[in-house]
1. Quote to one decimal, in nm, the extra length available between Phe296 and Leu243 on full extension: 0.36 nm per residue of separation minus the C-alpha distance between them.
2. On a C-alpha basis, how far is the centre of region 179-233 from the centre of region 70-119 in Å? Whole number, if you could?
3. Pulled fully out, how much extra length does the chain show between Leu184 and Lys83, if you take 0.36 nm times their separation in residues and subtract their Cα-Cα distance?
4. Treat each spin label as a single point 7 Å out from the Cα along the C-beta direction, and report the Ala191 to Phe92 distance in nm.
5. What dipole magnitude, in Debye to the nearest 20, does the chain give about its Cα centre under +1 on Lys/Arg Cβ and -1 on Asp/Glu Cβ?
6. Show me 88-95, 191-198, 130-137, 39-46 ranked by packing, highest mean number of other Cβ atoms within 10 Å first.
7. Using a simple spin-label model with points 7 Å from Cα along the Cα→Cβ vector, what separation in nm is obtained for Asn57 and Val132?
8. State the answer as a single residue: which of Ser134, Ile169, Trp273 lies farthest towards the positive end of the charge dipole of region 127-340, with beta carbon charges of +1 for Lys and Arg and -1 for Asp and Glu, about the Cα centre.
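A short reminder: the numbers here are calculations on the coordinates, not readings from a lab. Since we're looking at a predicted model, the values are computed, not measured. Ideal geometry is used to build each Cβ from the backbone, glycine not excepted, and the neighbour counts take in all protein chains shown.
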Amino acid sequence: MTLATLKTFNVGAWNRLLGYLAGDQVNTPISRLAQSVLVPVAALLVFLMLWSVGAKNVETSLGQLPGPAQVWEQTVTLYNEHKEERAKEAAFNERMQKRLDKAIAAGKPQETLDKIEARRYTGVPTFFDQIVTSLITVATGFLLGTIIAIPIGILCGMSPTMYRALNPIIQLFKPVSPLAWLPLVTMVVSALYVTSDPLFQKSFLTSAITVTLCCLWPTVINTTVGVSSVSKDLLNVSRVLRLNWFTKTVKIVVPSAMPMMFTGLRLSLGIGWMVLIAAEMLAQNPGLGKFVWDEFQNGSSNSLARIMVAVLVIGLIGFALDRGMLLLQRAVSWDKNAVLR
């Protein structure tokens with residue numbers, strides 16, 4: 001093989017590789033399988049290899065940076081701790097049920113029975129309990145934000161007067177950090193939510209309201225843009241049919257603006273999830289953020305690996321929430337290709 005032939009071969013192979021990576025040559029089932037499965041798996045393996053090698057060269061005050069093996073070991077440990085805690089809870093409930101049965105058989109007064117029934121297991125929340133707490137909190141804050149943001153966005157998109165009135169307020173509060181909102185929300189909740197029999201914990205309300213305040217704006221802005229961009233032809237059809245304002249909004253405006261609305265909802269959910277972790281760390285409210293902060297303060301030899309487990313779980317949950325929003329958009333919107341983006 002001559003030098004010229006070798007150069008031609010190298011250039012051709014390089015061009016084919018670039019075309020494959022760009023997706024220009026993905027036209028067979030095998031190529032599509034490689035693009036959708038093999039390429040991500042290969043990238044993940046490379047990432048794990050680089051992580052494993054790089055972690056050995058990083059020394060911290062708590063020891064060596066954990067690699068994938070140490071992180072997996074702590075993942076298993078956290079799961080075993082969760083199972084042990086649930087077993088303790090089951091044993092406690094069993095003991096309390098036996099006490100209640102004995103009290104009933106002995107004819108104890110109802111007041112005594114109520115005290116026994118009121119006792120609850122007070123063990124330390126496990127890592128998986130913290131995950132559930134964070135998910136409930138972010139869902140509450142996100143739903144509250146959505147209920148507020150979508151009507152505001154629709155009004156601003158359909159009414160130039162409302163847009164001019166509310167746009168300065170939106171632009172003023174949109175850049176505010178959650179770290180600035182959190183102290184204000186904490187003081188307001190403490191002042192207003194005063195009851196001897198609270199339905200919700202103050203820490204839960206503080207975190208949820210902080211999430212709401214920070215995830216409003218992407219939905220408001222994208223809904224406004226989507227509504228204001230509705231085709232004039234569709235609006236003219238609504239005038240010809242003499243549709244009232246509510247019917248026009250429900251039948252024409254909202255369906256047409258749905259892709260932009262879901263773009264805002266996806267952004268809001270991602271921001272809400274990030275804000276929640278920061279709020280839980282700063283305010284020491286129950287959840288994944290508190291777990292990370294507690295492990296950092298703990299300073300044990302396994303703390304770094306457990307923090308890394310939490311970081312990976314936070315990322316995986318954020319990814320799952322985004323995919324869930326895409327699937328929901330595909331189910332309710334006319335834009336059926338949204339899930340492929």
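1. 13.1 nm
2. If you average the Cα positions of each part, the centres end up 36 Å apart.
3. Full extension from Leu184 to Lys83 adds 32.5 nm.
4. With each label point 7 Å from Cα toward Cβ, the separation is 3.6 nm.
5. 1060 debye
6. With the highest mean Cβ count within 10 Å placed first, the list reads 130-137, 88-95, 39-46, 191-198.
7. 4.3 nm
8. Value: Ile169.
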